[in-house]
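Each remark here refers to the structure printed beneath this line.
Readers should treat all values here as calculations from the given coordinates under stated rules, not as data from a laboratory. This structure is a prediction, so every number in the text was calculated from the model and none was measured. Positions of Cβ are backbone-derived with ideal geometry, glycine not excepted, and every protein chain shown enters the neighbour counts.
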Amino acid sequence: MKIVIIGDSGSGKSTLARKISEKNGIPVFHQDTVWLKTLSKEAVRESTQSFLFQNKGSWIIDGNYRDSIELKLPQADFVLWLQISPLKALYRVIIRSIKRRMGKRKPDIPEDFTEKFDKEWLEFLNYVWHSPKRNKISLGEKIDEFDKWNQTYVIRNKKDKDNAIKIIHTAYYFDKNKKRMSA
């Protein structure tokens with residue numbers, strides 16, 4: 001089972017990836033981890049390529065990075081697209097930033113990453129506020145390009161998220177048992 005999770009900053013991509021991974025034992029690759037370490041699109045692409053090479057079976061990749069989308073999207077069995085309001089995304093990003101400054105770290109964030117409340121951070125908040133409009137167009141075009149609408153689940157709320165987790169768990173369970181029975 002191959003799962004791609006996309007969505008705006010603060011939409012919950014990494015949290016959803018962790019939940020699905022923990023429930024099903026599927027390896028997960030958080031593209032933000034590489035980005036925050038290197039600030040290099042090339043490094044994200046190379047790391048994604050390496051992860052895909054090493055994980056021929058099931059995997060989860062979370063992140064929008066357009067420089068690597070053609071590596072992961074064609075292989076996806078499921079595309080989970082988190083779409084939340086810009087206000088909610090902005091709120092989550094600000095709270096996440098405050099928590100990081102207070103020492104609460106998420107496992108997908110590099111240890112040496114420190115967030116500064118500076119001009120760059122304010123520019124990022126501006127990006128978060130405006131990205132839903134841009135992402136709906138650009139990510140939608142990529143889903144069109146790779147003909148993935150039938151495998152795409154748009155998640156707008158907790159109920160959608162819980163349903164997606166159940167669908168994936170059921171599909172993964174049956175896929176795993178089918179492979180075991182045919183071996």
On a 0 to 90° scale, report how tilted helix 158-182 is relative to the longest principal axis of the chain, with both axes built from alpha carbons and the result rounded to the nearest 10.
40
Taking the convex hull of the alpha-carbon atoms of the stretch 18-103 and averaging its shadow over every direction gives an area in square nanometres of 6.8
Out of residues 5 or more away from Val28 or on other chains, whose amide H comes under 5 Å of its own, with H placed 1.01 Å from N in the peptide plane?
Ile60
With 0.36 nm assigned to each residue of separation and the Cα-Cα distance removed, Trp149 to Phe117 gains 7.7 nm
For the stretch 74-90, take each phi angle, set θ = phi - 60°, evaluate the Karplus expression 6.51 cos²θ - 1.76 cosθ + 1.60, and give the result in whole Hz per residue in order, putting x for glycine and proline.
x, 8, 5, 7, 9, 10, 9, 10, 7, 10, 10, 5, x, 5, 5, 4, 4
Go through the stretch 113-162 and name the chymotrypsin sites (Phe, Trp or Tyr not before Pro) that are in a DSSP coil and have 13 or fewer other Cβ atoms within 10 Å of their Cβ.
Phe113, Phe117
Please report the base-10 log of the normalised intensity I(q)/I(0) for the stretch 51-173, using a Debye sum with one equal scatterer per alpha carbon and no solvent, at each q in 0.15, 0.19, 0.22 (1/Å).
-0.92, -1.31, -1.40
Normalised contact order of the chain, rounded percent, pairs of Cα under 8 Å and 6 or more residues apart:
31
Of the GluC sites (Glu not before Pro) in the stretch 77-137, those whose Cβ has at most 13 other Cβ within 10 Å and which sit in DSSP loop
Glu111
Could you please report the charge total around Lys23, scoring K, R as +1 and D, E as -1 over all other residues with beta-carbon less than 12 angstrom from its beta-carbon?
+1
Want the number for Lys99 to Lys133: 0.36 nm per residue separation, take away the alpha-carbon distance, what's left?
9.5 nm
Which ³J(HN,Hα) values, rounded to whole Hz and listed in residue order, are derived for the stretch 131-137 from phi using the Karplus coefficients 6.51, -1.76 and 1.60 in 6.51 cos²θ - 1.76 cosθ + 1.60 with θ = phi - 60°, glycine and proline given as x?
5, x, 5, 5, 5, 4, 6
Using 21 Å as the Cα-Cα cut-off, could you pick out the over-long pairs in Lys19/Lys104; Lys41/Lys142; Lys72/Lys116; Lys41/Lys104; Lys13/Lys158?
Lys72/Lys116; Lys41/Lys104
Can you list the residues, at least 5 places off or on another chain, whose amide H is less than 5 Å from the amide H of Ile155, using H built in the peptide plane?
Trp81, Leu82, Gln83
